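Derivation of every value follows stated rules applied to the coordinates shown; laboratory data play no part. What you see is a predicted model, and the numbers here were worked out from it, not measured in a lab. In this analysis, Cβ positions are derived from the backbone assuming ideal geometry, glycine residues included, and neighbour counts consider all displayed protein chains.
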Amino acid sequence: MNSTGAAGAVLQLVLVAGGAPLLAGLMRQVRARMEGRAGAGVTQPWRDLRKLLRKEPITPRGSGPAFRAAPTVLMATALVPAAVAPFVTTASPLDGAADLIAVVALLALGTVTLALAALDTGTAFGGMGASREMTVLALVEPTILLAVFALSVRVGSTNLAAIVTATLHDPLRVVSPASLLAAVALAVVTIAETGRLPVDNPSTHLELTMIHEAMVLEYSGPDLALIEWASAMRLTVLLGLLANLFAPWGIATGASLTALPLAVGVFAGKVALLGAGLAAAEVFMAKLRLFRVPELLAGSFLLALLAVATSFFLA
Amino acid sequence: MSAVEWGLAAIAGLAVVAVLAALAAPQRVRPTTVGSCTAALGGAGIAVGVLAAAGRRGAVWLPELLPLFGVRLEFDPLGGVFTAVAGAVAVAAALYSIGYTRHGLDSRTVQAALPLFVAAMLLLPAAASVATFLLLWEAMAAASLLLVLAEHRRRTAVAEAGGWYAVMTHAGMVTILLGLLLFAAHAGGETFAQLRAADLSPAMRSTVFLLTLVGFASKAGAVPLHVWLPKAHPEAPSHASALMSAAMVNLGVYGIVRVGFDLLGGGPAWWWLLVLGLGAASALYGILQAAVTTDLKRLLGYSTTENLGLVLLGVGAAGLFATAGNRALAGLALAAALLHVINHAAFKTLLFLAAGSVLHATGTRDLDGLGGLRARMPATTGLFAVGALAAAALPPGNGFVSEWLLLQALIHSLPATAVATAVTMPLAVAVIALTAGLAVATFVKALGVGFFAKPRTPAAESATECGPAMLAGMGLAAAACVGLALAPTLLVPALARAVQVAVPGTEAATTGRLTLELSGITGSMSPLLIAAALVVAAVGILAALRVFGARRARRAARLWDCGGGGLTARTEYTATSFGEPLQRVFDDVLRPEQDIDVTHVRESRYLVDTIHYRRRVPDRIEHRLYAPLLAAVRAWGEAGRRLANGSVHRYLGYGFYGVITLLVALAVTR
């Protein structure tokens, strides 16, 4: 634990919180351009957030404490991983407090609070969204943990900084079959966890298809702002994890303060690249039927299992 | 006499006092007297258990109490952990019973069975001879059966559940009896010290292990011997359900650890692969059934099968690692399993007691008929939420800590030398992960559908908060959950001593006060820091909103109803509809039964008048495995009845032919 580490942790927290809406804006812009529209600009989500935060808070009749608390808890569960994970520095003072498993579980906690809030409203949409989201979560979990397993076998630890440092010291590991398979598996579950196509369509409001949007239908004003912001942060955190677990170059490891600005720039570039790629891929994809989603997730589970198996048999 | 021996005497004395109070006290004060005596008994159990887990020893031999053998009790740290857990559960359940049993559950038998059951569970981990062990095991089974049957006059399902429980528990008892008697016969003595020193052939050791494993696994509710559990736990009164589900099932695990590790001293890898497989199957099957059931207490019962499955998975992994010679990992896996026993006891006590309060207030356990309780029973809802967070194994709940330790043990088993380990460990991790995911869905359903939203029936509409004694019982269990979630490091020394009994030569699994730092392997996690970080983040967000957000008053508004007028409870999602996607995904495993009756309007068969839709998800193992077995037993009995038709001549004939056959046999063999 040193001052550079602490500075890095604060820096990445600010970076994720401030950059997440920009990432969402970038993804929408890429999509718009590829679909032949002009698009609203990269900073539009920030303008939306400012507008929502100024509005009057509204509580629907019949909802309870779970509904009121969910935006705050969701935001908190997105902020803690943003401070812990090795995005800008591997020396975050909180690194020993939460490993990869704990980070994944914290993100799941956010999903759960949102599902409980949706059930709390007592509407059919809320229940529908919660039920679907929980089904997807239950099926995503095995893949995530197996990918964690595959990543940590070669390092001998589930500690995030340890995995990243090991990859920095031995760059050829990234192109090993185990690592590639785990990367693909983790990419699929990232898409499922963040509610992107083909699992969920973030821009739909059609009751037959929506998952995430059905859960947050009753939110408005500042509450909605928090949820939109937290969702963008969760996407940033997951894409950041994907980027730094498999391509950690540029991250600050030592005690020098000069490495931090470079690390910030590189990290922002990596996540922007991943986000733009995801948005570009979404243009060519249609949403899967809900009951075809398990097949997709089963496929990614198989990849993760293969990743663990190869890490054992090819080691 | 040592402190532990005084404690044993206190347990016996308090049990006698409580039973006498149940028999002698007038009905009006009976629940209070028995409840407080049993709570004191539980307190004595905690004290003795903690002392024993801290390494204090104590042994008692009472040769007069049981003819031929005598009663032999001796505490070691392993037994101490289980006694302390049972004692803690008993304190919460007994306090709760003061309020809960006042209405209709205050008969002498039911009240007297409670302290007997508790005392048997407290003393069982101290049994140091085969006869004592079997005696206490049977006392525990009989007393709990009385409690299960407490409400048999009110509901017919109770008698059926009692029947299943009686048969399964005694079938288990028979196999344990056979196993331990075989062991004692070949060891030449029946005290545990003699059994430890015995030199058995490998075949005999495996026979003993398998026979006892069947009995213990059935007590622990492991698939496919779990069928009694989802029947008996819902039908028992809720304080008894809590005791059975949080304390009694643990003793099945205790039996496996005691016999497999301590008395037999470990065994070949296939034993532990079997235990691991049993655990994995139980965890998955249990939570799948829980995810689709709509009966709150049945859901909790299946969740017990799941959690004990996870514990068995840890025990099996520990055995596997110990056989392979990796003592550090074996110690970690066993410590994780024991910690999960403790955590599960804490949150399952809380959940069953809260479910009891709901049953008490609404008269129903059906989640489809509940809802809206958070406004009517705020304290119960809050306490249930604490338990649900723990049961869903999410941070900052206590369930997460033990599952994290278990995952660490499994993940660090690679790179392994044995192919069996390399193949099973990834699968075991996947099973734990899928179980965790389904547990999240299950407890979101239980909390969100059962307690939130609008009430779905008049019964839920008119629910009121339960009394102070019941709240106190639940509050104690919730405090235990919070304590275990924030400071699991305090338990590490006691767990290390308990693990050393089973796997000698291991060190404490983790070091560190605030952070759980694994010893021997790299890895750390701090539940306290995670919880603190979450709180700091939430407070920061609220403060920022206050400073930067619009300072406008909150306004209540109508729910979005698509312009169709007010929404009623009929449009809410129910537990059935919530579980439907999961049930469809796991259709091949669950095999739900559906009937659809469509009645047409008389004038035209193209117009539908009414549709009746019924769906149930039966326990497939019960249907496929036990139903044919029971049918065969019944057919055999029916066939036997034809031999006895009431004719005296026929019976005389049987006697005559019997004697002739005997004589012929004697003549031939002599």
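At-a-glance table
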read-out: Cα centroid separation - segment B:626-670 against segment A:260-310, whole Å; value: 71 Å
read-out: Relative packing of peptides B:314-324, A:57-67 - highest average C-beta neighbours within 10 Å first; value: B:314-324, A:57-67
read-out: Sparsely packed chymotrypsin sites (Phe, Trp or Tyr not before Pro) within segment B:605-670, loop by DSSP, other Cβ within 10 Å at most 13; value: B:Tyr606
read-out: Among A:Ala185, B:Leu663, B:Ile530 the positive-end extreme of the charge dipole of the protein assembly as shown (Cβ point charges); value: B:Ile530
read-out: Formal net charge of residues neighbouring A:Val104 (Cβ-Cβ distance under 11 Å; K, R +1; D, E -1); value: -3
read-out: About the Cα centre, charge dipole magnitude for segment A:166-246 (Lys/Arg +1, Asp/Glu -1 at Cβ), debye; value: 420 debye
read-out: Charge dipole (debye, nearest 20) of the protein assembly as shown; +1 at Cβ of Lys and Arg, -1 at Cβ of Asp and Glu; value: 1320 debye
read-out: Dimensionless Rg/Rh of the protein assembly as shown - Kirkwood Rh, Rg from C-alpha atoms; value: 1.00
read-out: Euclidean distance between Cα centres, segment B:105-132 to segment B:320-398, Å; value: 24 Å
read-out: With at most 14 other Cβ atoms within 10 Å, longest stretch of chain A clear of loop GluC sites (Glu not before Pro) (DSSP); value: A:36-206
read-out: Chain B: Lys pairs at Cα distance under 17 angstrom, eight or more positions apart or on different chains; value: 8
read-out: Segment B:266-543, relative contact order [Cα under 8 Å, separation at least 6], %; value: 22 percent
read-out: Compactness of segment B:179-229 as Cα Rg over 2.2 N^0.38 Å, two decimals; value: 1.32
read-out: Cβ-based net charge around A:Val174, under 15 Å, with every Lys or Arg adding one and every Asp or Glu removing one; value: +2
read-out: Normalised alpha carbon radius of gyration of segment B:266-543 [divisor 2.2 N^0.38 Å]; value: 1.05
read-out: Gap separating the Cα centres of segment A:163-212 and segment A:1-65, nearest whole Å; value: 20 Å
read-out: Protection-proxy order for peptides B:522-528, A:141-147, B:160-166, A:117-123, each taking the mean of Cβ atoms within 10 Å per residue, highest first; value: A:117-123, A:141-147, B:522-528, B:160-166
read-out: Normalised alpha carbon radius of gyration of segment A:3-313 [divisor 2.2 N^0.38 Å]; value: 0.98
read-out: Listed residues B:Ile621, A:His205, B:Thr293: farthest to the positive end of the dipole of the protein assembly as shown (Cβ charges); value: A:His205
read-out: Mean Cβ neighbour count within 10 Å, used as a protection proxy, ranking B:443-456, A:169-182 highest first; value: B:443-456, A:169-182
read-out: Hydrodynamic radius by Kirkwood, which averages 1/r over all alpha carbon pairs of segment B:534-670, in angstrom; value: 24.9 Å
read-out: Computed [θ] at 222 nm, deg cm²/dmol, chain B (DSSP H ≥ 4; -39,500 (n - 2.57); rounded to nearest 500); value: -22000 deg cm²/dmol
read-out: Listed residues B:Pro458, B:Gln408, B:Ala480: farthest to the positive end of the dipole of segment B:266-543 (Cβ charges); value: B:Pro458
read-out: With eigenvalues of the C-alpha gyration tensor scaled by 5 and rooted, chain B, Å; value: 41, 34, 27
read-out: Segment A:1-158: relative contact order in percent, alpha carbon pairs under 8 Å with at least 6 residues between; value: 25 percent
read-out: Peptide A:152-160, shielding by other chains (average Cβ, 10 Å cutoff); value: 5
read-out: Overall Cα dimensions of segment B:1-84 - principal axes, largest extent first, Å; value: 42, 32, 20
read-out: Average beta-carbon neighbours from other chains, 10 Å sphere, peptide A:97-110; value: 6
read-out: Ranking of A:Asp200, B:Asp199, B:Asp587 by count of other Cβ atoms within 10 Å, fewest first; value: B:Asp199, B:Asp587, A:Asp200
read-out: Calculated [θ] (222 nm, deg cm²/dmol) that DSSP helices of n ≥ 4 give over chain A, each run adding -39,500 (n - 2.57); value: -24000 deg cm²/dmol
read-out: Percent RCO, i.e. relative contact order, over chain B, from Cα pairs under 8 Å lying at least 6 residues apart; value: 12 percent
read-out: Per-residue average of Cβ from other chains inside 10 Å of B:560-567; value: 3
read-out: In nm, spacing of pseudo-spin labels at B:Val536 and B:Thr464 (7 Å Cα→C-beta vector); value: 4.6 nm
read-out: Taking B:Met1, B:Met173 and counting other C-beta atoms within 10 Å, the order from fewest to most; value: B:Met1, B:Met173
read-out: Equivalent ellipsoid, segment B:604-670 (semi-axes from 5 times Cα gyration tensor eigenvalues, Å); value: 55, 19, 8
